[in-house]
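Undergrad: One structure, pasted below without further comment.
The values are calculated or read from the model by the stated rules, or taken from the named source; none is laboratory data. Not measured: the values here are computed from a predicted model. Neighbour counts are summed over all protein chains in view; Cβ atoms, including those assigned to glycine, are modelled from backbone coordinates with ideal geometry. Protein only, heavy atoms only, side chains kept; ligands, DNA and RNA dropped before computing areas. Shrake-Rupley method; radii C 1.70, N 1.55, O 1.52, S 1.80 Å.
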Amino acid sequence: MHAFCYLPSAAMLPKQQIARRFTRALPVYEQHAAAQIRIAEKLASDIQALRRDYGCALEIGCGSGVYTRLLQTSLNVAHWHINDLCPECAANIKADRFLPGDIEAIELPSSYDLITSASTFQWLAEPDRLLQKLNACLRAGGMLAFNTFDPDNLHQIKALTGVGLHYPDAAHWTALLRKNGFDLLASEAQTITLWFDDAYQILSHLKHTGVTATAQQHWTCTRLQAFSEDYRRRYQQNGRLPLTYTPLYFIAEKTGQKITV
């Protein structure tokens with residue numbers, strides 16, 4: 001029997017549960033993370049295009065190290081601090097300092113020239129508070145570069161199951177950035193569609209990339225069969241099934257202005 005699950009709200013769930021699910025996914029993550037890898041490649045390229053040097057940089061949520069490796073081969077950074085919720089991720093990366101734990105809870109130095117994160121901010125419980133915290137950790141003129149996802153992300157799953165993460169839209173993130181002392185230099189929306197032979201492959205993809213980290217809802221064989229039939233009836237194109245990611249990208253600079261509370 002398959003036991004795939006899907007997600008309610010990130011703010012509702014213990015970070016320890018997220019950590020356990022992502023830790024289990026680590027050995028096979030990069031075999032299944034086609035969308036996440038494309039996102040990491042684009043974000044690293046966007047930062048490289050700024051043509052800046054950085055004394056100290058922080059990456060939030062390194063995971064298997066895909067984004068870390070791209071950053072470290074494309075940017076001129078003197079010192080890297082790397083964070084992840086899962087302590088086991090330290091084995092996947094090279095860093096001057098590894099900072100394990102929940103980025104919303106751990107203490108950070110006030111010394112960064114760049115803070116960046118790929119496909120992690122959708123898990124934040126309180127993004128407003130974290131942006132304020134990150135602003136305080138950046139030097140004047142420091143950069144914040146990250147992606148999250150818009151409300152249409154994985155819309156096929158949400159339409160068929162009725163559940164999914166809450167994804168704030170680009171306007172909401174833009175307002176949060178400005179409120180917390182950032183000038184928005186660039187933002188972009190993207191659509192990435194992956195194609196699968198059947199719905200079971202889609203659920204396996206979600207499981208092996210940790211996207212099911214909030215899993216509470218177990219699937220019986222009967223429910224899996226109904227899900228598969230509904231997915232094919234509603235979304236099949238040329239015999240294959242789409243799964244759509246809709247990342248949002250933001251690059252912002254610390255303004256030095258007083259933060260609005």
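Undergrad: Rounded, prolate or oblate: which fits the stretch 37-107 when a ≥ b ≥ c are the square roots of the eigenvalues of the alpha-carbon gyration tensor, with rounded for a/c under 1.5 and prolate only if a/b beats b/c?
TA: Values: a/c = 1.89, a/b = 1.46, b/c = 1.29.
In terms of gyration-tensor shape, prolate.
Undergrad: To continue, here is another question. For the chain, take the longest principal axis of its alpha carbons; what is the angle in degrees between that and the long axis of helix 221-235, to the nearest 10 within 0 to 90?
TA: Roughly 80 degrees between the two axes.
Undergrad: Still on this structure: What is the angle, in °, between the Cα long axis of helix 15-25 and the longest principal axis of the Cα atoms in the chain? Nearest 10 is fine, range 0 to 90.
TA: Once rounded, the angle reads 70 degrees.
Undergrad: Can you give me the distance in nm between label points at GLN237 and ALA34, each placed 7 Å from the Cα along the Cα-to-Cβ direction?
TA: For GLN237 paired with ALA34, the spin-label model returns 1.3 nm.
Undergrad: What's the local net charge at GLY210, with K and R +1, D and E -1, over the other residues with C-beta under 14 Å away? The partial results should precede the final answer.
TA: Numbers: positive: LYS15, ARG20, ARG21, ARG24, LYS207; negative: GLU30, ASP84, GLU88.
Net charge around GLY210: +2.
Undergrad: Spin-label point model (7 Å from Cα, Cβ direction): what's the ALA189 to LEU50 distance in nm?
TA: Between ALA189 and LEU50, the label points sit 2.4 nm apart.
Undergrad: Something else: How far is helix 170-179 tilted off the main Cα axis of the chain, in degrees rounded to 10, range 0 to 90?
TA: Approximately 20 degrees, to the nearest ten.
Undergrad: Next up: If contacts are Cα pairs under 8 angstrom and at least 6 residues apart, what is the relative contact order of the chain in percent? Could the numbers behind the result be given before it?
TA: Values: 496 pairs, mean separation 75.4, N = 261.
After rounding, I find 29 percent.
Undergrad: Here is a follow-up. Taking only protein heavy atoms and a 1.4 Å probe, what accessible area per residue, in Å², does the chain have with all protein chains in place? List each step's numbers first, then the result.
TA: Numbers: 11960 Å² over 261 residues.
Heavy-atom SASA per residue in the chain reads 46 Å².
Undergrad: Between ARG69 and ALA136, 0.36 nm times their residue separation minus their Cα-Cα distance comes to what? Mind showing how you got there, number by number?
TA: Working: separation 67, 0.36 × 67 = 24.12 nm, distance 2.63 nm.
The ARG69-ALA136 span can extend by a further 21.5 nm.
Undergrad: Enter the mean projected area of the convex hull around the alpha-carbon atoms of the stretch 97-225, in nm², rounded to one decimal. Numbers along the way, then the final one.
TA: On the way: hull surface 38.4 nm².
Spelled out: convex hull of the Cα atoms, projected over all directions, averaged, 9.6 nm².
Undergrad: Which percent, nearest 5, of DSSP beta bridges in the chain are antiparallel?
TA: On the way: 20 of 39 bridges.
So the antiparallel bridges amount to about 50 percent of the total.
Undergrad: Based on DSSP H runs of at least 4 residues, each adding -39500 (n - 2.57), what is the mean residue ellipticity at 222 nm of the chain after dividing by all its residues, to the nearest 500 deg cm²/dmol? Before the final figure, lay out each step's value.
TA: Working: 9 runs with 92 residues, N = 261.
Calculated at 222 nm, the ellipticity per residue is -10500 deg cm²/dmol.
Undergrad: Can you give the net charge of the other residues whose Cβ lies under 14 Å from the Cβ of ILE192, counting K and R as +1 and D and E as -1? Spell out each step's value before the answer.
TA: Numbers: positive: ARG38, LYS42; negative: GLU41, ASP150, ASP152, GLU188.
Neighbourhood net charge equals -2.
Undergrad: In the full protein assembly as shown, how much of HIS79 is accessible to a 1.4 Å probe, in Å² to the nearest 10?
TA: 100 Å²
Undergrad: Past 23 Å, Cα to Cα, is the threshold; run LYS15/LYS42; LYS15/LYS207; LYS133/LYS254; LYS158/LYS207; LYS133/LYS179 against it and keep the listed order.
TA: Long pairs (Cα-Cα over 23 Å): LYS15/LYS42.
Undergrad: Report the Cα centroid-to-centroid distance between the stretch 230-254 and the stretch 131-173 in angstrom, as an integer.
TA: The two parts, judged by their Cα centres, are 16 Å apart.
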